[in-house]
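Please treat every number below as a calculation from the coordinates, not as lab data. Remember, predicted model here, so these are calculated numbers, not experimental data. Note that each Cβ is placed from the backbone with ideal geometry, even for glycine, and that neighbours are counted across all protein chains shown.
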Amino acid sequence: MGRLSELEDATEAAREERERLEEEGQRKERLYAQNVRLLQEAATHLEERLVKKQEEQLRLQESRARLRHLTALRDDQYKTLSAPREDAQYALKTRLVTRAHAYTGVVTQLETGYPQMEVKLRNIKVLLHNFLE
């Protein structure tokens, strides 16, 4: 019986060792899964921070470009695409006066061709004359 008892004890010890190892393996798997989850959360957090940092860099670049533009504008480093203001106003006035003279000529011709509209055409001629003064 001694040998049987030794075998039963050895079997029981082997079973206990196997259970202990299974529990330890399960514990290690849970720990591994928890570590994987923590690493995934950390990676997600880092990606979010990276996106925020890139957005902030983009805003900073836009602000710097705007600052350069406004500084150049303040320092009169830009050349206007149109003529200087007084020259542009003079050119516009000249153009309008030329048109008014042309319209006056047309109204004069209409007066001779359509005497029945003489009163209305005279009113238009007065408006053009007032504009020219």
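Tell me, what are the semi-axes, in whole angstrom and largest first, of the equivalent ellipsoid of region 1-78 as set by the roots of 5 times the Cα gyration tensor eigenvalues?
After diagonalising the Cα gyration tensor, the semi-axes are 74, 6, 4 Å.
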Practice item. For region 35-49, take each phi angle, set θ = phi - 60°, evaluate the Karplus expression 6.51 cos²θ - 1.76 cosθ + 1.60, and give the result in whole Hz per residue in order, putting x for glycine and proline. Key: 5, 4, 4, 5, 5, 5, 5, 5, 5, 4, 4, 5, 5, 4, 5
**Study point:** Principal-axis tilt of helix 118-132 within the chain, Cα atoms, nearest 10 degrees
**Key:** 70
Check your understanding: If packing is taken as the mean number of other Cβ atoms within 10 Å per residue, what is the order of 107-113, 9-15, highest first?
Key -> 107-113, 9-15
Practice item. Using label points projected 7 Å from each Cα along Cα→Cβ, tell me how many nm separate Leu4 and Val36, to one decimal. Key: 4.8
Revision key, fill the gap. Matching label for the computed P(r) over Cα pairs in 5 Å bins from 0, in percent, out of [x] 2, 7, 6, 6, 5, 5, 4, 4, 4, 4, 5, 4, 4, 4, 4, 3, 3, 3, 3, 3, 3, 2, 2, 2, 2, 2, 1, 1, 1, 0; [y] 2, 9, 18, 21, 19, 15, 9, 4, 2, 1, 1, 0, 0; [z] 2, 12, 22, 25, 21, 11, 5, 1, 0, is [x]
Study note, to complete from the structure: For region 72-133, the charge dipole (Cβ of Lys, Arg +1; Cβ of Asp, Glu -1; about the Cα centre) points to a positive end, and the Cα of Met117, Thr104, Gln77 closest to that extreme belongs to Met117
Exercise for review: Run down the aspartates and glutamates and flag those whose C-alpha is under 15 Å from the C-alpha of Lys125, throwing out any fewer than 8 positions away in its chain.
Suggested key: Glu111, Glu133
Review point. Straight-line reach from Lys28: which aspartates and glutamates have Cα under 17 Å away, leaving out those fewer than 8 places along the same chain?
Key: Glu17, Glu19
Exercise for review: With +1 on each Lys and Arg Cβ and -1 on each Asp and Glu Cβ, and nothing else charged, work out how big the dipole of the chain is about its Cα centre, in Debye to the nearest 20.
Suggested key: 1880
Review point. Can you give the FRET efficiency for Arg85 and Ala65, using 1/(1 + (r/R0)^6), R0 = 22 Å, r = Cβ-Cβ distance, to the nearest 0.05?
Key: 0.20
